[in-house]
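The values are calculated or read from the model by the stated rules, or taken from the named source; none is laboratory data. Here the structure is a predicted model, which is why all the values come from computation and not from measurement. Note that each Cβ is placed from the backbone with ideal geometry, even for glycine, and that neighbours are counted across all protein chains shown.
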Amino acid sequence: MAETTASTPTAAVARPGRLREFWYYFRENRGAVMGFWVFAAFIVVALFAPWIAPHDPSQQFRDHLLQPPFWQEGGSLAFPLGTDALGRDMLSRLLNGARYSFYVGIVVVAFAATGGIIIGLIAGFAPKWLDTIIMRIMDIVLAFPSLLLALVLVAILGPSLTNAMIAIAIVLQPHYVRLTRASVMSERSKDYVTAAKVAGAGTVRLMFVTVLPNCLSPIIVQGALSFSTAILDAAALGFLGMGAQPPTPEWGTMLAEAREFILRAWWVVTFPGLAILITVLAINLMGDGLRDALDPKLKRS
């Protein structure tokens, strides 16, 4: 009896909490950890950009048109990354552009995930005929190239950042529908769902209280990857003139405005492109780490 009592606290201590277990598996992927810290820095910049930026992003300094970065001849520490063709500070515009990218990612993922999860749950619990109709519609949407479909939707709705976000959310929604439905179909046959049915749980309770919490792991990973896709698609639509409109300091719009100055002023194209590259790469690396940490099949024993 004494031996059993003494071993109980040890077993309790040895069993880590869910958050500690998640971090244990997540940190094994060094790229994911690096991506996480870069993403954390991205969030800080997005939240505090108006206070971090040295100048107003729309302020024009007419005496400093296309001024190079400070380390080049003719550069100045007043404009560390140089200025654009209208004399606006590149660093201030890049920092404020992070706010728009973060806003796009949050809104698109929230709308796409909410709608996709609800439709996926309905498809997973619906009769076969309704499930077939829903999934064929999703297949039709997925048959179109995502950027092309988003471009068509924005052309119908009108070019603006809001309409771009709506279009991207619609394009990304089928991924959540298919993922949620697949998870629901695998969970419905398990004993805990049968027990909930026997206990008298209704369909809505089964969908949102019983089954959905056990389907969240792949959805969270998809959310992280969709975040980067939303930023990339918004930048592409901005570059094509169908997203955020000038003088909005959105990274894709900045690239569009700088096209004619590529050979004369490399910095007006390079820095927005690097901002998009680093942010999307960091989020994708973090998504890989989330997959490793949340998928029990990938965890090491």
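A few comments on the model shown:
- Verdict on THR162 being assigned to a helix (DSSP H, G or I), farther than 28 Å from ALA234 by Cβ and of a type in the set (S, T, N, Q): no
- The condition of being of a type in the set (Lys, Arg), farther than 23 Å from ARG291 by Cα and in contact with a Gly (Cβ under 8 Å, 6 or more places away or on another chain) holds for only one of ARG93, ARG62, ARG88, that being ARG62.
- For the residues ARG136, ARG188, ARG88, ARG93, the requirement of being farther than 19 Å from SER226 by Cβ and at pLDDT below 90 singles out ARG188.
- Only a single criterion out of (1) within 14 Å of THR162 (Cα to Cα); (2) of a type in the set (A, V, I, L, M, F, W, C); (3) out of contact with any Leu (no Cβ under 7 Å at 6 or more places or on another chain) is not satisfied by ILE140, namely (1).
- For the range 17-33, the criterion of being more than 23 Å from the chain's Cα centre (by Cα) and at pLDDT 90 or above is met by none of the residues.
- Condition check for ILE276: in contact with a Ser or Thr (Cβ under 6 Å, 6 or more places away or on another chain), at pLDDT 90 or above, buried (at least 17 other Cβ atoms within 10 Å of the Cβ) and of a type in the set (Val, Ile, Thr): no
- Only one of ALA182, ALA195, ALA150, ALA169 that is among the small types (Gly, Ala, Ser), out of contact with any strand residue (DSSP E or B) (no Cβ under 9 Å at 6 or more places or on another chain) and over 30 Å from PHE102 (Cβ atoms): ALA195
- Only one of the listed residues (SER189, SER217, SER228) is outside any helix (DSSP H, G or I) and either of a type in the set (Ser, Thr, Tyr) or crowded, with 22+ Cβ neighbours inside 10 Å (or both). That residue is SER189.
- Single residue of the range 236-259 satisfying the filter (assigned to a helix (DSSP H, G or I) and free of Cβ contacts under 8 Å to residues at least 60 places away in the same chain) that is nearest to VAL152 (Cα to Cα): PHE239
- Qualifying residue in the range 233-243 (condition: crowded, with 22+ Cβ neighbours inside 10 Å and within 18 Å of ALA46 (Cα to Cα)): yes
- Answer residue from the range 192-214, given it is polar (S, T, N, Q) and either buried (at least 17 other Cβ atoms within 10 Å of the Cβ) or in contact (Cβ under 8 Å) with a residue 40 or more places away in the chain (or both) and is nearest to ILE137 (Cα to Cα) among those: THR203
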